[in-house]
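Asks: Okay, handing you the structure first.
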Amino acid sequence: MNDAAVTPRDEGGAELAVIRIMTLIFAAAAVMFLALSAPSFFEQADYLIPHWQLAAGIAIFGTPLVIAAVAPWSSLRQLRILHGAYAAIFTVTVLSWIPAFINGPMSPEAAPWVVGLTALGTTPAAIAWRPVAAWLFLLASSMVIAPIRIIADGGADVSLAIQFAFFTITVCAAFTAVATVAIAAGREVDAASVAARASSMRAAALTARGEEQAHLDALVHDEVIATIFAAAGAGRSESASTRAQAARTIARLSELSDTSATVPELIHMDYFVQGLASSVAETTDSATFTVIGERYAALPSPIATALIEATVEALRNSVVHAGGEAAPVVREVRFTLRPDGVEITIIDDGKGFDPAAVPANRLGIVVSILGRVNSLPCGRASVWSQPDKGTRVTVGWSE
């Protein structure tokens with residue numbers, strides 16, 4: 001089976017979160033710049049054509065608020081487009097100041113209010129575009145300030161305009177660097193998450209293959225080999241129990257080969273109790289079945305299947321090996337339910353055995369009981385027995 005391609009569920013999750021936070025900070029900065037620019041905004045109205053101030057103010061200070069309002073519902077691509085669009089809107093607005101300036105010159109101390117807001121245009125560019133494009137945009141936006149200041153004061157102090165342009169580069173560079181580094185860090189987190197998810201899926205696939213192989217080994221022992229042994233027994237090949245076991249084996253193998261068969265992910269506890277009781281009764285009529293406690297939560301289907309199959313194998317071993325020559329063997333299956341898990345205990349008072357003396361190639365205990373259940377997440381299985389003191393098999397699962 002080939003490993004499926006991995007697509008992150010939240011593509012750009014960390015990067016998207018970083019950009020959304022930066023969008024909110026950007027909107028707050030726009031409000032702060034509006035408060036700082038308000039005096040100049042009204043004082044310089046007479047130098048410009050009517051209504052330009054209002055249109056420019058809405059474009060520069062209102063657009064960030066709109067972007068922040070839609071950011072929680074916007075994708076990574078949409079936010080980049082919005083920030084890129086704002087960078088373009090900001091540039092057009094600043095450049096439009098030149099034809100809008102009709103009543104100059106201004107005093108050298110009264111710089112146009114738009115030239116002090118360059119960081120509002122360069123920071124969104126760092127969010128929207130690649131670093132190289134963002135830095136080039138920063139340089140171009142900062143250098144545009146010089147001719148605007150020269151036009152504003154009628155060329156009274158060219159050196160001051162150039163100094164202000166370089167100062168703007170320094171200030172805006174800090175904001176661009178922070179935005180670039182933060183976005184790159186978010187992108188690295190997303191890449192690491194995708195790699196970790198891919199590794200987890202590969203590990204899960206390998207685990208699933210191992211569990212599937214263990215289940216197949218247990219099925220071969222529990223059903224196929226047991227049926228062959230039963231049929232090979234003297235005078236037993238025609239018995240009703242042997243025919244019933246053979247029918248069950250054929251049905252199980254058909255289920256295994258039917259790749260289209262589906263199993264519910266969760267098994268309701270009532271159905272599990274009924275299935276366990278039915279399996280116990282089909283395996284032997286000499287075992288009592290007792291349910292202790294309560295549990296309302298359903299069981300995962302693989303857990304339920306493994307516990308029932310391990311119980312059946314433990315009972316089958318008891319029927320085959322625990323019998324003595326004197327009194328009949330007493331068998332009991334206790335099913336204990338708890339809110340955090342379940343436990344099944346299979347007890348008999350038969351002749352018992354020494355677990356340490358059981359060969360490793362005896363699949364009944366090693367694979368069908370211990371291996372099958374202990375391989376489950378949060379599964380546990382144990383076997384206790386002593387010669388002439390009976391056997392106790394415990395299988396369980398906890399959440």
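Asks: Bin all alpha-carbon pair distances of the stretch 266-399 at 5 Å intervals from 0 and give each bin's fraction as a whole percent.
Replies: 2, 11, 22, 23, 20, 12, 6, 3, 0
Asks: Let me ask something else about it. Taking only C-alpha pairs under 8 Å that are 6+ residues apart, what is the relative contact order of the stretch 266-399 in percent?
Replies: 25
Asks: Given the Cα-Cα distance of Arg380 and Val358 and 0.36 nm per residue of separation, how much length would full extension add, in nm?
Replies: 6.0 nm
Asks: Which listed residue (Phe33, Tyr86, Met106) has the Cα farthest towards the positive end of the charge dipole for the stretch 13-197, taking +1 on Lys and Arg C-beta and -1 on Asp and Glu C-beta about the Cα centre?
Replies: In the stretch 13-197, that residue is Tyr86.
Asks: Also, I was wondering about something else. Size of the stretch 289-334 along its principal axes in angstrom, Cα-based, largest extent first?
Replies: Taking the Cα atoms of the stretch 289-334, the three principal extents are 44, 22, 7 Å.
Asks: Please turn the phi angles of the stretch 88-97 into ³J(HN,Hα) values with the Karplus equation 6.51 cos²θ - 1.76 cosθ + 1.60 (θ = phi - 60°), one per residue in order, whole Hz, x for glycine and proline.
Replies: Result, rounded to whole Hz: 5, 4, 4, 5, 4, 5, 5, 5, 5, 4.
Asks: For each of Glu399, Glu109, count neighbouring Cβ atoms within 10 Å of the residue's Cβ, then give the residues from fewest to most. List each step's numbers first, then the result.
Replies: On the way: Glu399 13, Glu109 7.
Arranged by neighbour count, lowest to highest, Glu399, Glu109 become Glu109, Glu399.
Asks: In what sequence, highest mean first, do 33-44, 73-84 appear when ranked by Cβ atoms within 10 angstrom?
Replies: 73-84, 33-44
Asks: With each pseudo-label sitting 7 Å past Cα toward Cβ, what's the Gln78-Met32 distance in nm, one decimal?
Replies: Roughly 2.8 nm, to one decimal.
Asks: Quick one: what does P(r) look like for the stretch 13-197 with 10 Å bins over all Cα pairs, in whole %?
Replies: Computed distribution, short to long bins: 9, 35, 33, 15, 5, 2, 0.
Asks: Then there is this: Please work out whether the stretch 119-171 counts as rounded, prolate or oblate from its C-alpha gyration tensor, where a ≥ b ≥ c are the square roots of the eigenvalues and a/c under 1.5 means rounded, while otherwise a/b larger than b/c means prolate and anything else oblate?
Replies: Judged from the Cα gyration tensor, the stretch 119-171 comes out prolate (a/c at least 1.5, a/b above b/c).
Asks: Report, in debye and to the nearest 20, how large the dipole of the stretch 266-399 comes out about its Cα centre when Lys and Arg carry +1 and Asp and Glu carry -1 on their Cβ. Before the final figure, lay out each step's value.
Replies: Working: 11 positive and 15 negative charges, 54 e Å.
The calculated dipole for the stretch 266-399 is roughly 260 debye.
Asks: Where Lys and Arg each count +1 and Asp and Glu each count -1, what net charge lies around Leu160 among other residues with Cβ under 12 Å from its Cβ?
Replies: -2
Quick note: the coordinates plus some simple rules give every number you see, no bench work behind them. Computed from a predicted model, the values in this text were never measured in an experiment. Every residue, glycine among them, receives a Cβ derived from its backbone with ideal geometry; neighbour counts consider all protein chains shown.
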